[in-house]
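Here the structure comes first, spelled out in structure tokens, and everything after it is commentary.
The values are calculated or read from the model by the stated rules, or taken from the named source; none is laboratory data. Nothing here was measured: the structure is a model prediction, and the numbers come from that model. Note: ideal-geometry Cβ built from the backbone for every residue, glycine included; neighbour counts use all protein chains shown. Heavy atoms of the whole protein, side chains included, go into the accessibility calculation; ligands, DNA and RNA do not. Shrake-Rupley method; radii C 1.70, N 1.55, O 1.52, S 1.80 Å.
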Amino acid sequence: MTAAPAPPGAAAARTVRRISGFRSLLSTTAFKIIAAYLFIFVLFAGFVIGWLGFATQRQLTDQLTETITAEVRGLAEQYAIGGIRRLVEVVDERGNRPGASLYLVTTFAGVPLTGNIGELPAGTLARQGWIETDYRRAGEDTADRPHRAIAQVYGLPGNFRLLVGRDLEERDRMRDIFGRGFRLSLIVALVLGLLGAYFVTRRVLKRVDAMTEMSRRIMEGDLTGRLPTAGSRDELDRLAGSVNDMLARIEALMAGMKEVSDNIAHDLKTPLTRLRNKAEEALRIGGSDSAYRAALTGIIEESDGLIRTFNALLMIARAEAGNQREGMVPLDLAEIARGVAELYEPVAEEAHVTLTVTAAPVTVTGNRELLGQVVANLLDNALKYGASGSGGEIAVTVAAEDGEAVVTIADRGPGIADADRGRVLDRFVRLETSRSRPGSGLGLSLAAAVARLHGGRLVLDDNRPGLKVALRLPRSADDPSAPARPV
């Protein structure tokens, strides 16, 4: 069965996608960083190989010049001992050895007397000292390629000229080896570096694309989505983990906002209905001024309750947003607790409740108004729900425990079951046993929000019998009795 031919534009579309993908790879930060490091590495490798080649070539040249200098010195001594005849004999003997150096002895007119050099460029012997020159050995065909040599031209008494040199073939061969190695190493480094950059960039880009796609889903409203992690604990995993923690916090806040909206609609509907019914009843029934006054008094009381509820919601929102961190100063928590307890002593006496305060000085960094409001809310709850019909006992304690400042308010009431202790910290949550009593269900929620604002926590525990609520806050660095914090 023959496969159906691809549409005419399919190949062009694939080519466009490949080009677009390749361009996106080249534009990534990872590819640019790898390319920069590759460029630096190639420069460094080129410098090292070039320096090694230069040093090796220089070392070979130095060895050749030392050898030539020693031979020139020895031949000059031979000339001084036996004259030109002795010099010619020695040069003949040395020039015929296998692998011999280059020798040439000429008269003042440039006529060769002896040596194993067949041809030199014109004017080579006209200047004394070190030279690099082309040459052919004696007996070589003029059609052959000339060799390269380093030589020293030395003037002898009687205007004779002595040339001693060494072939540079070994040095040139070494230079070619280093040159080929240099070029090959650069090509290999570039190819391997570009391939590595391509694969690394593709891997990084694939993870970034996955994060981008998940971010798009989250922006479209799917707050349950989380950025994927590879489990390698690299910088992308750490970034994804931080963003996921932030998303979890946002999801919790959004869920809390939805719950608050539902609770507001549910729990505020009743007082608003009562408010309207009282106003409508006053209009319908009519009567004396005292009746109108009583109706207006009831309306004002309902309005005050609504205002207190909204003030509590506003305070919770500010605490959770962290807007009041700027006003935090070192405070004595014991002083705040004693001040609030003094305000509630008349209420406790009227309810036949024994209120005791045990407060040791302990310093925290916080907002006096918010911390006072928390202590007041906890005391108010203890007086409302923790006192029995014949009175009761409420103990307020301030102490330092395990490096924390702890305010504990314990009563002897019915307490809260273990299953409900986490739930009562939410907004507008009121247990069935307390629905018949005044309140909005925001006191503990406000206390928990203020505790989080100060870096602490609110802990509910069993007082056997009764409820024990502990506000645990970090101690201030200004507290002289606070333990030293690790640096």
Positive-end residue of Tyr154, Thr142, Leu168, charge dipole of the range 132-178 with Cβ unit charges: Tyr154
Normalised contact order of the range 67-216, rounded percent, pairs of Cα under 8 Å and 6 or more residues apart: 18 percent
Karplus (6.51, -1.76, 1.60) ³J(HN,Hα), θ = phi - 60°, over the range 198-213, in Hz, Gly and Pro reported as x: 5, 5, 5, 5, 4, 5, 5, 5, 4, 5, 5, 4, 5, 5, 5, 5
Contour minus Cα-Cα distance for Ala36 and Glu119 (0.36 nm per residue): 24.6 nm
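Contour minus end-to-end for Leu192 and Thr107, with contour as 0.36 nm per residue of separation and end-to-end as the Cα-Cα distance?
24.5 nm
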Within-14-Å neighbourhood charge of Val200 [Cβ basis; K, R +1; D, E -1]: +3
Length gained when the stretch Glu89-Leu253 is fully extended (0.36 nm per residue, less Cα-Cα span): 48.3 nm
Neighbour-limited loop hits for GluC sites (Glu not before Pro), the range 157-227 (at most 14 other Cβ within 10 Å; DSSP other than H, G, I, E, B): Glu220
Sequence of Met214, Met254, Met219 when ordered by accessible area, the most exposed leading, probe 1.4 angstrom: Met219, Met254, Met214
The range 151-255: C-alpha gyration tensor shape, a/c 1.5 cut-off, then a/b vs b/c: prolate
Under 27 Å from Lys269, Cα to Cα: lysines that are on another chain or at least 8 residues apart: Lys258, Lys278, Lys384
Label-point separation, Asp380 to Trp51 (7 Å along Cα→Cβ), nm: 7.8 nm
Per-residue HN-Hα couplings for the range 396-402 [Karplus 6.51, -1.76, 1.60; θ = phi - 60°; Hz; x = Gly/Pro]: 10, 10, 10, 8, 9, 9, 6
Rough spin-label spacing in nm, given labels placed 7 Å along Cα→Cβ, for Ser290 and Thr65: 12.9 nm
